[in-house]
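Following: one structure in structure tokens, then a few remarks.
The values are calculated or read from the model by the stated rules, or taken from the named source; none is laboratory data. All values derive from a computational prediction rather than experimental measurement. Using ideal geometry, Cβ is built from the backbone for each residue, glycine included, and neighbour counts are taken over all protein chains shown.
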Amino acid sequence: MTARATRILVIRFSSIGDIVLTAPAVASLRQAIHGPSEIHFLTKANMAPVVEGFGALVDRVHTIEESTAEVQEALKGLNLDYVVDLHNNVRSRSIKRTLGLISFTVDKQNWAKWLLVRGWRRKPVAPIVERYVEAFAGAFGAVVPEAWPALFKEGNAPEGLPAAYAALAIGATHTGKQLTPSLMQTIVDRSDVPVVLIGGSGDVERAKTLEDSRVISLVGETTLAESAAVLRGAQHVYAGDTGMMHLAAAMGTPVTSFWGCTRPSLGMAPWNHAQGSAIIVPDAQLGSRPCSKLGNRCRHANGCMAATEQTYSERSVK
């Protein structure tokens, strides 16, 4: 008789970067389980394309629009064995209460992050991938993997791209993470190859500020899988502290990341990034203290990214 598969529900509702960063943890979980296994993943409906890019790492994706009540009955019917909560918020706690199963929950280190923002702590927070794996490592004997699993293997870049190009991800949800127009222009000017722009539909106007014959704008025109393929094929990627930064690292492409009101000390630096990557932070005058966890507040009148631009301009990295 074939052994019944161990069924595990992984929860992470958003956002793109946070979900991409669960991939090494899911791979670690899958490898640690003895015998057959089923990995189910619960996320928000608009984030489903991110999880679908995991391929065979995830057996089934479950989604909600707004409320966990939308899936509670369906999840109870799956005969799950464990819950791995990699979000740790009100919604994920509701799911755990409803299912009543043994669960493992990520430590979000919110207190440590608050202390970093206040300037009362200097020690960096552990990388989120390590904390994801740590949540269930003791139960399953899982370890942090040494490399990214293969993601978005089925994605194809739009036709017509040059053989050699750099990619510039221009989008960011919060102002404190947005690259300034002059910084983006400097990146274009320094590049030895054409620069392909990627971003969402809300970034179209920002893309228009870069007028250069070597700029190819795909802003608002690509799916997530297509964007992943563009990043995979690039010689180098330039991005702020965003989901595309993490996706570039996952694709194995060197990435130069620019940090404004957030800092790598918050535990969200590119994980296992390719050789040739660089992290650009504001100059010493502003220090290593983040202004906010999300980049939605700035202590320097939105001057953090301008200071990062100056740091980049003074360095020899391209």
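Count of region 186-239 residues, restricted to those that are part of a helix (DSSP H, G or I) and without any contact (Cβ under 8 Å) to a residue 24 or more places away in the chain, is 4.
Okay, residues lined up against (1) of a type in the set (A, V, I, L, M, F, W, C); (2) more than 21 Å from V20 (Cα to Cα); (3) out of contact with any strand residue (DSSP E or B) (no Cβ under 6 Å at 6 or more places or on another chain); (4) assigned to a helix (DSSP H, G or I):
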position	(1), (2), (3), (4)
N46	no, no, yes, yes
A56	yes, no, yes, yes
V61	yes, no, no, no
A74	yes, yes, yes, yes
V83	yes, no, no, no
N88	no, no, no, no
R91	no, no, yes, yes
L115	yes, yes, yes, yes
R122	no, yes, yes, no
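Could you tell me whether any residue of region 240-251 is closer than 22 Å to A228 by Cα and free of Cβ contacts under 8 Å to residues at least 40 places away in the same chain? No - not one qualifying residue is present in region 240-251.
Please find, within region 243-275, the residue that is surrounded by the most Cβ atoms within 10 Å (Cβ to Cβ) out of those that are in contact with a strand residue (DSSP E or B) (Cβ under 9 Å, 6 or more places away or on another chain) and more than 21 Å from T173 (Cα to Cα). In this case the residue turns out to be M251.
Residues checked against (1) over 17 Å from the mean Cα position of the chain (by Cα); (2) crowded, with 16+ Cβ neighbours inside 10 Å; (3) at positive phi:
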| residue | (1), (2), (3) |
| --- | --- |
| V20 | no, yes, no |
| A23 | no, yes, no |
| P36 | yes, no, no |
| H40 | yes, yes, no |
| K44 | no, yes, no |
| M47 | no, yes, no |
| H87 | no, yes, no |
| S94 | yes, no, no |
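Quickly run through region 289-317 and pick out the residues that are surrounded by 15 or more Cβ atoms within 10 Å (Cβ to Cβ), assigned to a loop (DSSP other than H, G, I, E, B) and touching a residue at least 60 places away in the same chain (Cβ under 8 Å). Of everything in region 289-317, those that are surrounded by 15 or more Cβ atoms within 10 Å (Cβ to Cβ), assigned to a loop (DSSP other than H, G, I, E, B) and touching a residue at least 60 places away in the same chain (Cβ under 8 Å) turn out to be R289, P290, C291, S292, K293, L294, G295, R297, C298, N302. Take N272 and decide whether it is part of a loop (DSSP other than H, G, I, E, B), under 27 Å from I19 (Cα atoms) and modelled with pLDDT under 95. No: the conditions fail for N272.
Note on region 124-174: residues that are touching an Asp or Glu at 6+ places or on another chain (Cβ under 6 Å) and part of a helix (DSSP H, G or I) amount to 1.
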